[in-house]
Every structure is written in structure tokens, then in C-alpha cells.
Amino acid sequence: TMLEPLTVELLAHQCGLLDTLLDHLSGFGFDIVAFGGNTYLVRAIPASMDVAQVPDAIAELLEAASDVTPADFSAGKTLEIIACHGSVRAGKTLSLEEARELIRQLEKTTAPYTCPHGRPTMIHLSTTQLEKSFGR
């Protein structure tokens with residue numbers, strides 16, 4: 001639960017879609033209520049998410065849900081989007097222990113080499129490539 005609700009302004013066609021998904025999203029930690037017009041109040045978010053990520057996450061959830069009927073919108077897709085928006089982003093500074101824990105968790109996954117979107121999470125650099133890069 002957030003200390004202060006976040007207001008999110010949607011396009012008219014997104015409002016109806018969000019209304020059909022409110023119960024679904026509440027099962028994942030969201031508490032979103034209509035506030036009037038095209039505005040919604042977000043009162044709670046999943047613990048893994050940062051408040052700044054909420055508008056983009058909601059937009060991506062609505063985009064994904066627009067391709068299927070609300071009944072067919074999967075829990076897996078919802079979790080994928082929440083996990084993505086709750087992830088460590090470029091530019092975020094981690095402590096040494098946080099970085100080590102992140103790597104430990106990554107090593108335990110079934111697909112450690114890519115994110116859910118298929119982007120690499122790590123790459124292998126050979127000794128030859130490193131030597132070339134440093135001119136040695």
C-alpha cells in the first residue's frame with residue numbers, strides 16, 4: 001500500500017479495458033480505483049515495483065490485454081510484466097551484496113541468459129576479445 005496514491009491518466013479506450021482487469025490485477029498486489037473521467041488512483045502496487053515504474057507497467061499491461069479477451073489474459077503475462085518493471089534497470093547503483101545476490105538468483109533460473117523479452121542478461125567475453133579491447 002502506498003502512503004500517497006498515484007494518479008494515472010488513461011486514454012478513453014484504455015479505461016474500459018482497465019475496468020475489466022481490476023479484479024485480475026488486485027490478485028497481483030494492485031489496488032486501482034476510478035477517480036473520475038479518465039483518471040485512476042493507484043493505491044497499492046506489487047512490492048517488487050517502484051512507484052516511478054507504475055504508469056509504464058499499467059500501459060504495458062493494457063497493451064498486452066488489448067490483444068486478448070479479459071478472460072484469456074494470463075497470469076503468466078501479468079507476472080512477466082510486473083517482474084520486468086520491478087527489475088533492476090540500467091543506471092541503478094547496487095551495493096556489492098545486492099549485485100552478488102542478484103547473480104545468485106539469476107544462476108538459479110531456468111533461462112539465465114535472457115530476460116523475458118529475449119534481451120541478454122549476460123555475455124561471454126573471451127580472453128582474446130578482452131586483449132583486443134585493451135590493445136594487448
Quiz prompt | Residue under evaluation Asp23, criteria (1) open to solvent by 50 Å² or more (accessible area, probe 1.4 Å); (2) out of contact with any Leu (no Cβ under 8 Å at 6 or more places or on another chain); (3) closer than 29 Å to Gln105 by Cα, criterion not met | solution = (3)
Exercise. With the checklist (1) part of a helix (DSSP H, G or I); (2) closer than 27 Å to Gly16 by Cβ; (3) modelled with pLDDT of 90 or more in hand, flag the one item Ala83 doesn't pass.
Key: (3)
Practice problem: Give the residue that is nearest to Cys84 (Cα to Cα), with candidates limited to residues of the range 123-136 that are open to solvent by 80 Å² or more (accessible area, probe 1.4 Å) and in a loop (DSSP other than H, G, I, E, B). | Solution: Ile123
Practice problem: Would you mind stating whether Ala75 is under 18 Å from His24 (Cβ atoms), open to solvent by less than 60 Å² (accessible area, probe 1.4 Å) and among the aliphatic types (A, V, I, L, M)? | Solution: yes
Quiz item: How many residues are more than 18 Å from the chain's Cα centre (by Cα) and of a type in the set (Val, Ile, Thr) if we restrict to the range 1-53?
Solution: 4
Quiz item: How do the pairs read when you match residues in the range 111-132 that are in contact (Cβ under 8 Å) with a residue 60 or more places away in the chain with residues anywhere that are assigned to a helix (DSSP H, G or I) and open to solvent by 90 Å² or more (accessible area, probe 1.4 Å), using Cβ under 9 Å and keeping only pairs 6 or more apart or on different chains?
Solution: none
Quiz item: What pairs come up if the first residue lies in the range 1-24 and is under 11 Å from Phe35 (Cα atoms) and of a type in the set (Gly, Ala, Ser), the second is open to solvent by less than 80 Å² (accessible area, probe 1.4 Å) and outside any helix (DSSP H, G or I), and their beta carbons are under 8 Å apart, counting only those six or more places apart or on different chains?
Solution: none
Quiz item: Quick one: how many residues across the range 85-121 are aliphatic (A, V, I, L, M), surrounded by 10 or more Cβ atoms within 10 Å (Cβ to Cβ) and more than 25 Å from Leu62 (Cβ to Cβ)?
Solution: 6
Quiz item: Do you know which residues across the range 30-69 are within 15 Å of Gln14 (Cα to Cα) and exposed (fewer than 13 other Cβ atoms within 10 Å of the Cβ)?
Solution: Val33, Gly36, Gly37, Thr39, Asp56, Glu63, Ser66, Asp67, Val68, Thr69
Exercise. Identify, from the list Phe73, Phe134, the residue that is modelled with pLDDT of 90 or more and not hydroxyl-bearing (Ser, Thr, Tyr).
Key: Phe134
Practice problem: Tell me which of these Phe73 doesn't satisfy, since it passes every other one: (1) farther than 28 Å from Leu3 by Cα; (2) in contact with a strand residue (DSSP E or B) (Cβ under 8 Å, 6 or more places away or on another chain). | Solution: (2)
Quiz item: What residue, among those in the range 28-46 that are without any contact (Cβ under 8 Å) to a residue 12 or more places away in the chain and either of a type in the set (S, T, N, Q) or part of a strand (DSSP E or B) (or both), is nearest to Ser74 (Cα to Cα)?
Solution: Val33
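The values are calculated or read from the model by the stated rules, or taken from the named source; none is laboratory data. Keep in mind that this is a model prediction, so the values were computed, not measured. Glycine also receives a Cβ, built like all others from the backbone with ideal geometry; neighbour counts cover every protein chain displayed. Each accessible area value is taken on the protein alone, full model and side chains, heavy atoms only, with ligands, DNA and RNA left out. Shrake-Rupley method; radii C 1.70, N 1.55, O 1.52, S 1.80 Å.
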